[in-house]
Amino acid sequence: MTTDLDTLLTRLYVKIDDEIGEARCLGRPPLLSDSELVCLAVAQDLLGYHSESRWLRYANKHLSGMFPYLPQRAGYNKRLRSALGLVKRLIRELVMDSDFWFDNHWITDSTPVPCGMSRPTVQRSNLAGWAGYGYCASHSRFFWGLRLYLVCTPTGMPIMWPLANPKIGEREVLAAMLEVDADLVAVREGIVLISDKGFASKPFEKALAEQGIELLRPSRKREKQRYGEPMLKKVRQLIESVNDTLKGQLDLEQHGGRSFDGGAIRVAQRILAMAAAIWHNNSTGAPITRSLTAYDH
């Protein structure tokens, strides 16, 4: 098995057909199947095309052998937004089909997802009410948009992820994530969750302990050094590198979403592209499981 884009898309297509299949049962079948649609979306992000029009022009010229039929931009956009549930389900299927599904060491962090850069955009955007103003301490800047919360393994394989208004507290969002996926947490023993100081709270840590989750985080000012803190610096860099993959290689901040469905599917696309690359690299025995170099050209 080779590590290249064609092989990755072929395996992903077979995976979708085998595990999920086509959900449509009434009416004329679409010329572009759901499996082909998802593979097309993954290829778009791996090859770095932000514009759907430019991407479809490229795909028509270079990928016609893999995708015999390609819709117009409006049709592609509409189909993609309606496939959000399928994309989210497929991310979980890829995680479950990898060795990292059994990893009980999780890392969590949040990162800004800007959705507008001007006041008129904020006033007219369909994301108003979901997106909001927030502050990114890492880059010392304010932004208007959303926050992506990611719980992943040290290799970067996503376990849970939501988008939330930046004004909502980090602990509140993480607690909601764990509540939604309570069944996933319940079947695991000895989960170690590594976070930064933003998740510090004795009541919150007590609630996590009741779910069987041990929280490892750096100590705050005037707080006694916590257990395992010396090893956290190197581990904390892992989640930063995962965020850098999403932003630096998959252009998370240039998603271009201008509505609830549009913003959500464009973020989900990028998470799926990263998960698919990790899944394929894991299967092929690649030395760096989160490397996208073999698929970006």
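The values are calculated or read from the model by the stated rules, or taken from the named source; none is laboratory data. Everything quoted here is computed from the prediction, not taken from an experiment. Don't worry about glycine lacking a Cβ; one is built from the backbone with ideal geometry, like all the others, and counts go over all protein chains shown. Heavy atoms of the whole protein, side chains included, go into the accessibility calculation; ligands, DNA and RNA do not. Shrake-Rupley method; radii C 1.70, N 1.55, O 1.52, S 1.80 Å.
Residue under question is Lys221, and the condition is that it be farther than 26 Å from Val113 by Cβ and either at pLDDT 90 or above or open to solvent by 100 Å² or more (accessible area, probe 1.4 Å) (or both); does it hold?
Spelling it out, Lys221 is indeed farther than 26 Å from Val113 by Cβ and either at pLDDT 90 or above or open to solvent by 100 Å² or more (accessible area, probe 1.4 Å) (or both).
If you check every pair at least six apart or on different chains, which have Cβ atoms under 9 Å apart with a residue in region 161-177 that is open to solvent by less than 20 Å² (accessible area, probe 1.4 Å) first and a residue that is among the β-branched types (Val, Ile, Thr) second?
From region 161-177, the pairs are Ala164/Val173; Leu174/Thr108; Leu174/Val151; Met177/Thr108; Met177/Val151.
Quick one: count up the residues across region 266-282 that are more than 10 Å from the chain's Cα centre (by Cα) and either open to solvent by less than 10 Å² (accessible area, probe 1.4 Å) or among the acidic types (Asp, Glu) (or both).
6
Within region 92-109, which residues are touching a strand residue (DSSP E or B) at 6+ places or on another chain (Cβ under 6 Å) and either farther than 30 Å from Lys197 by Cβ or open to solvent by less than 10 Å² (accessible area, probe 1.4 Å) (or both)?
Selection gives Trp106, Ile107, Thr108.
For Tyr58, state whether it is within 14 Å of Glu36 (Cα to Cα) and modelled with pLDDT of 95 or more.
No.
Criterion first (in contact (Cβ under 8 Å) with a residue 40 or more places away in the chain, assigned to a helix (DSSP H, G or I) and open to solvent by less than 10 Å² (accessible area, probe 1.4 Å)) does Leu246 satisfy it? Lay out the reasoning, then the answer.
Values: in contact (Cβ under 8 Å) with a residue 40 or more places away in the chain: yes; assigned to a helix (DSSP H, G or I): yes; open to solvent by less than 10 Å² (accessible area, probe 1.4 Å): yes.
Yes, satisfied.
Anything in region 185-206 that is exposed (fewer than 14 other Cβ atoms within 10 Å of the Cβ) and farther than 18 Å from Tyr135 by Cβ? List them, or say none. Break it down into steps so the answer makes sense when it comes.
Taking region 185-206 first, the residues exposed (fewer than 14 other Cβ atoms within 10 Å of the Cβ) are 186-187, 189-190, 197, 202-203, 206.
Listed by number, the residues that qualify are Ala186, Val187, Glu189, Gly190, Lys202, Pro203, Lys206.
What's the total number of residues in region 139-170 that are more than 23 Å from Leu272 (Cβ to Cβ) and touching a Pro at 6+ places or on another chain (Cβ under 9 Å)?
Count: 5.
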